[in-house]
1. Filter the stretch A:1-26 down to residues that are part of a loop (DSSP other than H, G, I, E, B) and touching a Phe, Trp or Tyr at 6+ places or on another chain (Cβ under 9 Å) and give me whichever is surrounded by the fewest Cβ atoms within 10 Å (Cβ to Cβ).
2. Cβ-Cβ below 6 Å, separation at least six or inter-chain, first residue in the stretch B:26-51 and over 18 Å from B:Ala10 (Cβ atoms), second among the β-branched types (Val, Ile, Thr): which pairs?
3. Are any residues in the stretch B:20-30 surrounded by 14 or more Cβ atoms within 10 Å (Cβ to Cβ) and either modelled with pLDDT under 95 or over 15 Å from the mean Cα position of the chain (by Cα) (or both), and if so, which ones?
4. Scan the stretch A:97-107 and tell me whether some residue there is small (Gly, Ala, Ser) and touching a residue at least 24 places away in the same chain (Cβ under 8 Å).
5. Sort out which residues of the stretch A:27-68 are facing chain B (nearest Cβ under 8 Å), part of a strand (DSSP E or B) and of a type in the set (Gly, Ala, Ser), and write them in order of number.
6. Kindly indicate whether A:Ser74 is over 15 Å from B:Leu44 (Cα atoms) and either of a type in the set (Asp, Glu) or touching a Gly at 6+ places or on another chain (Cβ under 7 Å) (or both).
7. Give the residues of the stretch B:91-113 that are modelled with pLDDT under 95 and in a loop (DSSP other than H, G, I, E, B), sorted by residue number.
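The values are calculated or read from the model by the stated rules, or taken from the named source; none is laboratory data. Because the structure is a prediction, the values reported are computed rather than measured. Because the Cβ atoms are built from the backbone with ideal geometry, glycine has one as well, and the counts that use them run over all protein chains shown.
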Amino acid sequence: DAGVTQSPTHLIKTRGQQVTLRCSPKSGHDTVSWYQQALGQGPQFIFQYYEEEERQRGNFPDRFSGHQFPNYSSELNVNALLLGDSALYLCASSPRGWYPDGYTFGSGTRLTVV
Amino acid sequence: KQEVTQIPAALSVPEGENLVLNCSFTDSAIYNLQWFRQDPGKGLTSLLLIQSSQREQTSGRLNASLDKSSGRSTLYIAASQPGDSATYLCAVRSTDSGNTPLVFGKGTRLSVIA
């Protein structure tokens, strides 16, 4: 049973560029959440998708956007990259409703903006 | 607004010691609390999940307790080993409908010296 899969694992972009990160949820999970983790900090919630719509959003600017596909996979897009966007981006999946096992996280995408 | 604090920020112990990591949260109305392990530059591995109605959970050498009324949780690691070296993150999910996001602490960086 595959867990949460994220791609790519590492990415280097130039300030001002745009980036797309991808996530495939664990089998049986239909909800995907994205988190940003800066160095030395705990993960910060960006947004959550289920039924192909953004359902909740954290305190992140509109430069951060996302999408969920019918197969429950998801993309995170960041436009006009800033140096401060350099971080580990984590995807977490969960089933709707009661879930005794909690969230399952992927290995993350390390984004470096230069 | 829920805030999660983890003390200490870093800890170095000799192999074989028993140790306690602390987590506190400001709003006691939580749905559950989850402890994660994170190796450098990697994703999150779930260690233990405690529902708000539970007092503790155990897995091998790990034991997590929850005192919801005082807003505290502890992670106890028995007979520490060098392989336990990692960052340990505490996260809470507030009492709410749907898949509410996790709120994380900044973590405790543990080094177990052989």
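1. It comes out as A:Gly3.
2. Close Cβ pairs satisfying both conditions: B:Ala29/B:Thr95; B:Ile30/B:Val92; B:Tyr31/B:Thr95; B:Leu33/B:Ile50; B:Leu33/B:Val92.
3. Residues satisfying the conditions are B:Asp27, B:Ser28, B:Ile30.
4. Within the stretch A:97-107, one or more residues are small (Gly, Ala, Ser) and touching a residue at least 24 places away in the same chain (Cβ under 8 Å).
5. The answer is A:Ser33, and nothing else.
6. Details: over 15 Å from B:Leu44 (Cα atoms): yes; either of a type in the set (Asp, Glu) or touching a Gly at 6+ places or on another chain (Cβ under 7 Å) (or both): yes.
Yes.
7. Answer for the stretch B:91-113, where residues must be modelled with pLDDT under 95 and in a loop (DSSP other than H, G, I, E, B): B:Thr95, B:Asp96, B:Ser97, B:Gly98, B:Asn99, B:Thr100, B:Pro101.
One line per residue, one yes/no per condition, for (1) out of contact with any His (no Cβ under 7 Å at 6 or more places or on another chain); (2) of a type in the set (D, E, K, R); (3) in contact (Cβ under 8 Å) with a residue 40 or more places away in the chain:
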residue	(1), (2), (3)
A:Asp30	yes, yes, yes
A:Tyr35	yes, no, yes
A:Gln44	yes, no, no
A:Gly66	yes, no, no
